[in-house]
Ligand code: ITT
């Protein structure tokens, strides 16, 4: 079978590609279909957005499509940025401006109240419109100063207690073993191997 991974985020694509390495499937990415339109993410939940992206791409390409919608849910911010994590700092937001905005919003918040979680929903949709979703979560806390140069997005600010380090300090395979995305994709793999 063939599968297209419907993301424009290079960090996500790298992690997803690594986890799917052993899967007997030819894996395409959006780069193989340069003319596809941008899919607007106007859902209120990660699940809605993941299904919207995967079902649109499955329909447009005629291939089973996998999409990841994810984000950072910060306790002290009432769950923000949540589904708006990619564009937290506004239009043209980058990882740098998003991280700066997060630090600013949490300025003065003491370590014991800086709890947060990454959420990930993976949707797998077929060209006939049927979809299955898988989700994963990782709890941690938001550092006051970025640490590490790996990963992407908010990784340098996300401290994982069990590892004693930020996500950006972990090698990709180690991050995949414990992350929200890794957990969701392991559930999907379990399902694929039985299909
Ligand atoms: P696609 O929709 O094309 O997949 P995107 O970056 O717009 O790419 P999302 O809408 O799902 O994807 O936004 C998720 C954002 O949440 C992402 O841009 C990061 O800022 C953040 N994020 C998600 N997973 C993360 C991770 O593992 N480490 C750090 N930040 C993460």
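How would 38, 15 line up from fewest to most surrounding beta-carbon atoms within 10 angstrom? Listed from fewest to most nearby Cβ atoms, that is 38, 15.
With a Förster radius of 35 Å applied to the beta-carbon distance between residue 165 and residue 35, the computed FRET efficiency rounds to 0.25. Helix 180-194 axis versus longest C-alpha principal axis of the chain: approximately 20°, rounded to the nearest ten. In terms of surrounding Cβ atoms within a 10 Å radius of their Cβ, 10, 52, 18 rank from fewest to most as 10, 18, 52.
Helix 10-19 and the longest principal axis of the C-alpha atoms of the chain enclose an angle of approximately 60°.
Mind jotting down the distance between the C-alpha centroids of the stretch 144-195 and the stretch 1-73, whole Å? Comparing the Cα centres of the stretch 1-73 and the stretch 144-195, I get a distance of 18 Å.
Extension gain for residue 87-residue 25 works out to 19.1 nm (0.36 nm per residue, less the C-alpha to C-alpha distance).
Length available on full extension from residue 126 to residue 59: 0.36 nm per residue minus the Cα-Cα distance, which gives 23.3 nm.
Helices in the chain, meaning DSSP H runs of at least 4 residues, each add -39500 (n - 2.57). Divided by all residues, the mean residue ellipticity at 222 nm is -9500 deg cm²/dmol.
Taking 0.36 nm per residue of separation and subtracting the Cα-Cα distance, full extension of the segment from residue 75 to residue 103 would add 8.7 nm. Shape analysis of the chain yields a ratio of the Cα radius of gyration to the Kirkwood radius, Rg/Rh, of 0.97. By the count of other C-beta atoms within 10 Å, a proxy for reagent exposure, 2, 75 are ordered fewest to most as 2, 75.
The simple spin-label model puts a point 7 Å past each Cα toward its Cβ; for residue 14 and residue 172 those points are separated by 0.6 nm.
Throughout, read-outs are computed from the coordinates displayed, never taken from laboratory work. Predicted model only: the values in this text are computed from it and were never measured. Quick reminder, even Gly has a Cβ in these numbers, built from the backbone with ideal geometry, and neighbours come from all protein chains shown.
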